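K.L.:
My structure is below; once you've seen it, I'll send some questions.
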Amino acid sequence: MTVRRIAVIGAGINGLSVARQLLIDHPDVQLTVFEKESEVAQHQSSHNSGVVHAGLYYEPGGLKARLCTRGIQLVREYCAAQNLPYDACGKLVVALESEELPRLDAIYRKSIANGVPDVRLIDAGEMHEIEPNCIGIKALHSPHTAIVSYGAIARRIAEEIQEWGATIRLSSPVARLRESADGVYVEGEAGPLNDTPFDRVIACSGLQSDRLATASGDEDDPRIVPFFGQYYVIDPAFREHVKGLIYPVPDPRYPFLGVHFTKRIDGEMTIGPNAFISLGRENYSGDGINLRDVADFIGYPGFWKFAARNMAVTLRELKTVVSKATFVREAAKYVPSLATVSVKPAVRGIRAQAMRQDGQLVDDFVIRRSGRITHIRNAPSPGATSSMAIAEYIVREVLDFN
Ligand SMILES: Cc1cc2nc3c(=O)[nH]c(=O)nc-3n(C[C@H](O)[C@H](O)[C@H](O)COP(=O)(O)OP(=O)(O)OC[C@H]3O[C@@H](n4cnc5c(N)ncnc54)[C@H](O)[C@@H]3O)c2cc1C
């Protein structure tokens, strides 16, 4: 069978990168991207920290480790080719207490196993040379960790694939994918969105990925449980107190990295993100409750098992949610000169984090093909860094073109 017609669901950075890679490798295919919003990249891809992660934390041999390393190269080359800003500002992961040192060493060993270039453990003196206002007893320095705007990258890819002949159908929510003998029908609530079936469909629907997958006949496990991350922008007069990125040593039991200082590509310095359960998958204002979204996680046994196991971390994060002062204080442990800095809230991000029935958060990327349909079921951070490598992987290793 010749593969001629392909659909991608979701115009975030992953869906758009998959579409681009398909057109690079198979320029003759007819490609349609279905996106439920009226513009591309309205969800995770434009509500994140903008960090091009170097590959410090990921389990060697896993998809995250492999695709993050390759993704960095592809994102860097893409930004250079398209004249999009890319700032290799560097990152410190800082230990404040001696009890954190074994965990810092473990991250160092993982980063070496993952081939992260030029990463080093440094003492307080050297740390002071890199970030004069930062305190700590030891740090891991990753000099090539960078920042970008993933929203800008996604928008550029969208322009590019349309120049190459792809169609992006905005305001087109997909309810389910129905596979039949002649191909795959993409259906909205009111019926099919296409008359001629597609030969292959790749669903990259982020925060809605479990719903679209199960409505299309894929397994119910894992489920997306939404965790929001708040950010604050610090008073511009204090921006220079931090030169690049300063992170705590993460708790290995939890997949989130802890509140940190992140320089943004527009020059602003932000603090965040924390991580707490979101009362809506797309509730960026934080006001109100989406009853369907809440019912979904409340009714999921995995959520309660996760909550029971992570009570201490949950309470720590809750304190940063209810108190701006606590939020700033957490970060200022690393840069005391910013303890009283004034901050303004910035728009939050909401992570599409997959969770299993046993309450374990799924650490690695999950990409599953069944017949002609492929679903990305878990692509949290470093999903944006890895996006172009995820696309290569799907197009060259997951899809079957025969
Ligand atoms: C707070 C936060 C900080 C992060 N920081 C970083 C970072 O610094 N570095 C990094 O590498 N990664 C980071 N990430 C992760 C990164 O943002 C994501 O991995 C990445 O953006 C995922 O892209 P995506 O295209 O899969 O999903 P999304 O960007 O969410 O796109 C999914 C798209 O699918 C559409 N869609 C959904 N359902 C349907 C449907 N039924 N029909 C049609 N369209 C549909 C949505 O509207 C959306 O446009 C962060 C994430 C968050 C939330």
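K.L.:
One residue is enough: does region 338-356 have a residue meeting the conditions within 14 Å of the ligand (Cβ to nearest atom) and in a loop (DSSP other than H, G, I, E, B)?
P.N.:
No, the conditions are met nowhere in region 338-356.
K.L.:
Any residue in region 41-62 that is on the phi > 0 side of the Ramachandran plot sitting within a Cβ distance under 8 Å of a residue that is open to solvent by 30 Å² or more (accessible area, probe 1.4 Å)? List the pairs, counting only those 6 or more apart or interchain.
P.N.:
Qualifying pairs under 8 Å: Ala41/Arg155; Gly50/Ser149; Gly50/Arg264; Gly50/Ile265; Gly55/Thr69; Gly55/Gly115.
K.L.:
Here's something else I'd like to know. Residues of region 111-123 being surrounded by 12 or more Cβ atoms within 10 Å (Cβ to Cβ) and more than 16 Å from Arg70 (Cα to Cα), which ones?
P.N.:
Within region 111-123, Val119, Arg120, Leu121, Ile122 meet the criteria.
K.L.:
Taking the criterion of being at pLDDT below 95 and either buried (at least 17 other Cβ atoms within 10 Å of the Cβ) or within 30 Å of Ile137 (Cα to Cα) (or both), would at least one residue in region 354-361 satisfy it?
P.N.:
yes
K.L.:
Filter region 32-48 for residues that are within 7 Å of the ligand (Cβ to nearest atom), under 13 Å from the mean Cα position of the chain (by Cα) and either at pLDDT below 95 or outside any loop (DSSP other than H, G, I, E, B) (or both) and give the result.
P.N.:
Result: Gln44, Ser45.
K.L.:
Of all residues in region 231-270, count the ones that are open to solvent by less than 20 Å² (accessible area, probe 1.4 Å), more than 15 Å from the ligand (Cβ to nearest atom) and over 19 Å from Met127 (Cβ atoms).
P.N.:
1
K.L.:
While we're on this one: Please give the number of the condition Leu140 fails out of (1) assigned by TED's automatic domain parsing to the domain that holds Asp25; (2) open to solvent by less than 10 Å² (accessible area, probe 1.4 Å).
P.N.:
All conditions are met except number (1).
K.L.:
Residues Leu16, Leu23: which one is more than 13 Å from the ligand (Cβ to nearest atom) and in contact (Cβ under 8 Å) with a residue 12 or more places away in the chain?
P.N.:
That would be Leu23, the only listed residue that is more than 13 Å from the ligand (Cβ to nearest atom) and in contact (Cβ under 8 Å) with a residue 12 or more places away in the chain.
K.L.:
Report, ordered by the first and then the second residue, all pairs with beta carbons closer than 6 Å, sequence separation of six or more or different chains, a first member in region 310-325 that is touching a residue at least 40 places away in the same chain (Cβ under 8 Å), and a second member that is of a type outside the set (D, E, K, R).
P.N.:
Final answer for the pair search is Val313/Tyr254; Glu317/Asn274; Glu317/Ala275; Glu317/Phe276; Thr320/Asn274; Thr320/Thr326; Thr320/Phe327; Val321/Phe276.
K.L.:
Considering only region 39-56, state which residues are of a type in the set (A, V, I, L, M, F, W, C) and open to solvent by 10 Å² or more (accessible area, probe 1.4 Å).
P.N.:
If the condition is that a residue be of a type in the set (A, V, I, L, M, F, W, C) and open to solvent by 10 Å² or more (accessible area, probe 1.4 Å), then Val40, Ala54 are the ones that fit.
K.L.:
Scan region 150-167 residue by residue and report those that are more than 11 Å from the ligand (Cβ to nearest atom) and either buried (at least 21 other Cβ atoms within 10 Å of the Cβ) or aromatic (Phe, Trp, Tyr) (or both).
P.N.:
Ile161, Trp164, Ala166
K.L.:
In region 376-402, what count of residues is obtained for those that are outside any loop (DSSP other than H, G, I, E, B), open to solvent by 10 Å² or more (accessible area, probe 1.4 Å) and either within 10 Å of the ligand (Cβ to nearest atom) or under 24 Å from Arg223 (Cβ atoms) (or both)?
P.N.:
Adding up the residues that qualify gives 3.
K.L.:
Test Gly188 against the stated conditions and say whether it is at pLDDT 95 or above and at positive phi.
P.N.:
no
The values are calculated or read from the model by the stated rules, or taken from the named source; none is laboratory data. Note that the structure is a prediction, hence the values are computed from the model and not measured. FYI the Cβ positions are ideal-geometry reconstructions off the backbone, even for glycines, and counts take in every protein chain you see. Accessible surface areas use protein heavy atoms only, side chains included; no ligands, DNA or RNA. Shrake-Rupley method; radii C 1.70, N 1.55, O 1.52, S 1.80 Å.
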